[in-house]
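> One structure coming up, written as structure tokens, with questions to follow.
Every read-out reported here was derived from the displayed coordinates using simple, explicitly stated rules and does not represent laboratory data. Predicted model only: the values in this text are computed from it and were never measured. With ideal geometry, Cβ positions are generated from the backbone for all residues, glycine too; neighbour counts draw on all protein chains shown.
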Amino acid sequence: MHARDFGRRLAFVLVLGGCHEKASAPAPGASPAATTSTAGGGPVAAGERKLVIGVSQCNLGEPWRVQMNADLKTAARKHPNVTLVFKDAQNDSLRQRAQVEELAAAHVDVLVISPKEAAPLTKPVAEVFHQKIPVIVLDRAVDGDEFTTFVGADNQRIGREAGKLVRELAGARANIVELEGLMTSTPGQDRHKGFREGLDLANHPGLELVFEADMAWLEPNARKEMESALAAHRKIDVVYAHNDPGAHGAYLAAKAAGREHEMKFVGIDALPQEGVRYVKDGILDATFAYPTGGAEAIALALELAAGKTVPHHVTLGTRLYTKANVDQGGEAIQ
Ligand code: FRU
């Protein structure tokens, strides 16, 4: 740590940080002033080094991101010397860029970022990295390798497993719909690429991908896109959405059209109160776990702050949840 910076950093936390342990998910349209919050920073034992970790979160409008922040806080709570400073970019890459710059200017000890999109955040991340602030990129990647470490599940692999599963669910002849996550973000790109590999249309001529649209990870968009798919196709057999909110939006559109029983729905994320619940309730046929990496990010931040070297990539696992295995806690994908 740069001792000279500690006072400045602390002032930053106090001035911008607002309330201790208060989340800052503002209502849509709320002022950007509400986009910072802090957590942690309890009494520190004599001689223990204080650590400020800046967290740049791309949005808090989706349950999975709220879970990521909660996982970061839970892991940090075990370390009273750690204070987390959260920034919520409210799904705006330019705002996220400005917030990354603010955190760097405040000399956080480590930056954790889950970027909205790869291209616009690549340079800001590289700049922080070159200022010798360790940067942990979480879940969505940036381009190139100018960051300290990336933590996340293998989205191409999850997509590939989803493709194989959709092929099994579809049978010999089927019309398939793909609702994509934001295609300027790496999980969207990778879940799409892997899906096409797993589906292997070239060797399965009875399968047809009849509709494909970018729903930008958002349930209302997925619902709207699915309405178009339903209007254009009299028969749809399987819907693959890049996340559970997307799969649920598609289900709601099918239900409103009285067609939900005609097709199967597959999603990704598997939050207990979201995707796993949908599988239990018979809404989704399957979902794949997408771990937030919050606990791993805190562990890595502590190692980096202690001057240790960490791997450049940390790949997290996944699990498959179906009707058949959901009550047993799903099954690991080996
Ligand atoms: C939340 C989310 C998740 C998805 C992840 C991909 O913002 O859309 O549903 O799995 O981002 O980065």
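> Rank Leu207, Leu60, Leu179 by mean-square fluctuation in a GNM of the chain with C-alpha springs under 10 angstrom and give only the top-ranked residue.
Comparing Leu207, Leu60, Leu179 in the GNM, the peak value goes to Leu207.
> Along the three principal axes, how long is region 84-236 when you take its alpha carbons, biggest first, rounded to the nearest angstrom?
Result for region 84-236: principal-axis Cα extents of 57, 29, 22 Å.
> List, in order, the whole-Hz ³J(HN,Hα) value for each residue of region 258-271 obtained from phi through the Karplus relation with A = 6.51, B = -1.76, C = 1.60 and θ = phi - 60°; use x for Gly and Pro.
My calculation for region 258-271 gives x, 10, 5, 7, 6, 9, 10, 10, 10, x, 9, 2, 6, 5 Hz in order.
> Something else about it: Please work out how much length the chain gains when fully extended from Lys280 to Ala295, using 0.36 nm per residue of separation minus the C-alpha to C-alpha distance, in nm with one decimal. Display every interim value, and only then the final one.
On the way: separation 15, 0.36 × 15 = 5.40 nm, distance 2.66 nm.
That works out to 2.7 nm of additional length.
> Further, regarding this structure: With labels modelled as points extended 7 Å from the Cα through the Cβ direction, what inter-label distance (nm, one decimal) is found for Ala70 paired with Thr184?
Computed distance between label sites Ala70 and Thr184 equals 3.0 nm.
> Taking amide H positions as placed in the peptide plane 1.01 Å from N, state which residues far from Phe211 in sequence (5 or more) or on other chains have amide H under 5 Å from it.
Ile176, Glu178
> Here is a follow-up. From the backbone phi of region 168-182, what are the Karplus-calculated ³J(HN,Hα) couplings (6.51 cos²θ - 1.76 cosθ + 1.60, θ = phi - 60°) in whole Hz, Gly and Pro given as x?
Couplings: 5, 5, 6, x, 6, 10, 6, 9, 10, 10, 10, 10, 8, x, 3 Hz.
> Another question, if that's okay. Longer than 32 Å from Cα to Cα, which of Lys164/Lys308; Lys87/Lys132; Lys50/Lys280; Lys123/Lys164; Lys50/Lys193 are they? Say none if no pair is. Let's see the in-between values first.
On the way: Lys164/Lys308 40 Å; Lys87/Lys132 20 Å; Lys50/Lys280 44 Å; Lys123/Lys164 36 Å; Lys50/Lys193 43 Å.
Beyond 32 Å between Cα atoms: Lys164/Lys308; Lys50/Lys280; Lys123/Lys164; Lys50/Lys193.
> Once a ≥ b ≥ c are taken as the square roots of the eigenvalues of the Cα gyration tensor of region 172-214, is the result rounded (a/c under 1.5), prolate (a/b larger than b/c) or oblate (a/b not larger than b/c)?
Details: a/c = 4.01, a/b = 1.82, b/c = 2.21.
Oblate, since a/c reaches 1.5 and b/c is not below a/b.
> If you don't mind, another one. Sticking with the crude label model, points 7 Å out along Cα→Cβ, report the distance from Arg259 to Leu201 in nm, one decimal please.
Taking the simple label geometry, Arg259 and Leu201 are separated by 1.8 nm.
> Taking amide H positions as placed 1.01 Å from N in the peptide plane, with prolines and chain starts having none, which residues 5 or more places from Leu60, or on another chain, fall under 5 Å of its amide H?
Those qualifying (amide H under 5 Å, at least 5 residues apart or on another chain) are Gln90, Asn91.
> Same structure, new question: With springs connecting C-alpha atoms under 10 Å apart, model the chain as a Gaussian network and identify which of Val177, Val310, Val137 has the largest mean-square fluctuation.
Maximum among the listed residues: Val310.
> Treating only the Cβ of Lys, Arg, Asp and Glu as charged (+1, +1, -1, -1), what charge dipole size does the chain show about its Cα centre? Round to the nearest 20 debye. Display every interim value, and only then the final one.
On the way: 37 positive and 42 negative charges, 129 e Å.
In total the dipole reaches around 620 debye.
> Another question about this same structure. Using 1/(1 + (r/R0)^6) with R0 = 35 angstrom and r between the beta carbons of Lys164 and Asp327, what's the FRET efficiency to the nearest 0.05?
Numbers: r = 23 Å, r/R0 = 0.65.
That pair, Lys164 with Asp327, gives E of 0.95.
> Work out how far the C-alpha atoms of region 145-210 reach from end to end along every principal axis, then list the three figures in whole Å, largest first.
Its Cα atoms span 46, 18, 17 Å along the three principal axes.
> What are the equivalent ellipsoid semi-axes of region 271-332, built from the alpha-carbon gyration tensor (square roots of five times its eigenvalues), in whole angstrom, biggest first? Please report the intermediate quantities before stating the final value.
Details: eigenvalues 217, 22, 12 Å².
Largest first, region 271-332 gives 33, 10, 8 Å.
> Apply the Karplus curve 6.51 cos²θ - 1.76 cosθ + 1.60, θ = phi - 60°, to the phi angles in region 51-66 and return the couplings in whole Hz, x for Gly and Pro.
After applying 6.51 cos²θ - 1.76 cosθ + 1.60, I find 9, 10, 10, x, 10, 9, 9, 6, 6, 10, x, 10, x, 4, 6, 4 Hz.
> Separation between the Asp145 and Lys308 pseudo-spin-labels, each 7 Å from Cα along Cα→Cβ, expressed in nm?
Reported label-point gap for Asp145 and Lys308 is 2.2 nm.
> Cα centroid distance between region 272-334 and region 46-84, in Å?
Cα centroid to Cα centroid, the span is 18 Å.
> While we're here: Binned at 10 Å from 0, what are the whole-percent values of the Cα-Cα distance distribution for the chain, short to long?
For the chain, the pair-distance distribution reads 6, 26, 31, 21, 12, 4, 1.
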